[in-house]
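A short worksheet on the structure shown next.
The values are calculated or read from the model by the stated rules, or taken from the named source; none is laboratory data. Worth saying up front: this structure is predicted, and the values here are computed from it rather than measured. Here the Cβ positions follow ideal geometry from the backbone for every residue, glycine too, while neighbour counts run over all protein chains shown.
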């Protein structure tokens with residue numbers, strides 16, 4: 001702060017304040033900031049000029065304003081640990097975009113009971129129950145064994161054809177099958193359930209081969225005994241697995257499997273008229289062994305839809321990260 005002088009400042013512009021008895025001259029060259037001429041004092045003091053007091057006052061006011069906010073923040077209560085835990089739990093409830101794989105199967109055994117039904121034969125319907133045992137080499141590949149028992153029975157269409165059309169159908173039913181398999185999972189994904197939970201799933205293909213046993217259904221069941229066949233078979237399956245939330249050792253499986261195998265049918269010459277006046281029937285075919293030797297070969301298919309539940313051993317797994 002400096003006092004203004006009454007001397008003129010050369011050619012520079014001056015401002016003369018005549019509001020008082022004594023002239024007060026302010027030099028523009030001194031007015032780098034706002035200049036306030038204070039005439040509130042006595043004439044003898046000559047008035048004081050305060051430079052930049054407006055800015056200083058503004059800063060003080062602003063400082064007071066922000067200062068109050070800082071004091072309010074300081075006076076605020078400390079965060080509640082329980083509230084933070086609740087917020088963290090709420091954040092975890094939301095579905096994140098990137099998640100690691102829900103279920104790991106590597107080096108685990110998969111024991112899977114299965115039930116199913118055939119869908120491709122209109123004359124003989126099979127229900128089956130079995131089990132599948134897999135060992136997972138990686139999370140995508142497994143080798144295993146499958147065994148199934150079949151319970152075949154004639155459908156109403158079989159009886160209707162015989163009664164209404166007078167035709168005798170030649171048909172077989174499957175008794176059981178066993179095979180070794182290789183399984184591969186090419187797809188893994190997630191399904192959002194009401195945007196609140198994720199259901200992890202995977203799709204797989206399976207190929208294998210083994211053996212099965214079939215049995216003929218005699219056209220004249222009251223006269224002839226059935227014979228059975230042991231056949232090599234190959235199988236192919238596609239399916240999917242759905243992993244249960246909050247479980248590290250259970251999955252629900254759904255799939256379609258096809259068995260392909262060569263089979264033998266009851267020979268056409270095996271009929272009821274086996275006497276001298278018979279209708280071309282061969283009496284020797286009454287014996288099941290002879291009938292099997294004269295059986296007609298065919299390529300058969302069994303297509304089943306199955307549902308299974310897998311139990312994984314060990315029941316827990318650990319995530320590992322490469323260094």
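Could you grab the pairs with beta carbons closer than 6 Å, sequence gap of 6+ or different chains, first residue in the range 245-260 and without any contact (Cβ under 8 Å) to a residue 12 or more places away in the chain, second one surrounded by fewer than 14 Cβ atoms within 10 Å (Cβ to Cβ) and in a strand (DSSP E or B)?
none
If I filter the range 271-292 for residues that are surrounded by fewer than 17 Cβ atoms within 10 Å (Cβ to Cβ) and within 49 Å of the chain's Cα centre (by Cα), do I get at least one hit?
Within the range 271-292 (the criterion being surrounded by fewer than 17 Cβ atoms within 10 Å (Cβ to Cβ) and within 49 Å of the chain's Cα centre (by Cα)), the answer is no, since none of the residues qualifies.
Going residue by residue through the range 198-210, is there one that turns out to be more than 41 Å from the chain's Cα centre (by Cα) and surrounded by 15 or more Cβ atoms within 10 Å (Cβ to Cβ)?
No, the range 198-210 contains no residue that is more than 41 Å from the chain's Cα centre (by Cα) and surrounded by 15 or more Cβ atoms within 10 Å (Cβ to Cβ).
Of all residues in the range 131-171, which are at pLDDT 95 or above and more than 30 Å from residue 107 (Cα to Cα)?
Hits for the range 131-171 are 150, 151.
Just one of 181, 185, 195, 172 is under 27 Å from residue 233 (Cβ atoms) and in contact (Cβ under 8 Å) with a residue 60 or more places away in the chain; which is it?
The unique qualifying residue is 172.
Could you tell me whether the range 132-148 includes any residue that is over 27 Å from the mean Cα position of the chain (by Cα) and outside any helix (DSSP H, G or I)?
Yes; the residues of the range 132-148 include at least one that is over 27 Å from the mean Cα position of the chain (by Cα) and outside any helix (DSSP H, G or I).
May I ask you to verify whether residue 176 is assigned by TED's automatic domain parsing to the domain that holds residue 301 and either surrounded by fewer than 13 Cβ atoms within 10 Å (Cβ to Cβ) or within 26 Å of residue 298 (Cα to Cα) (or both)?
yes
Between 261, 306, 227, which is closer than 24 Å to residue 148 by Cβ, in the same structural domain as residue 137 (by TED's automatic domain parsing) and in contact with a helix residue (DSSP H, G or I) (Cβ under 6 Å, 6 or more places away or on another chain)?
Result of the check over 261, 306, 227: 227.
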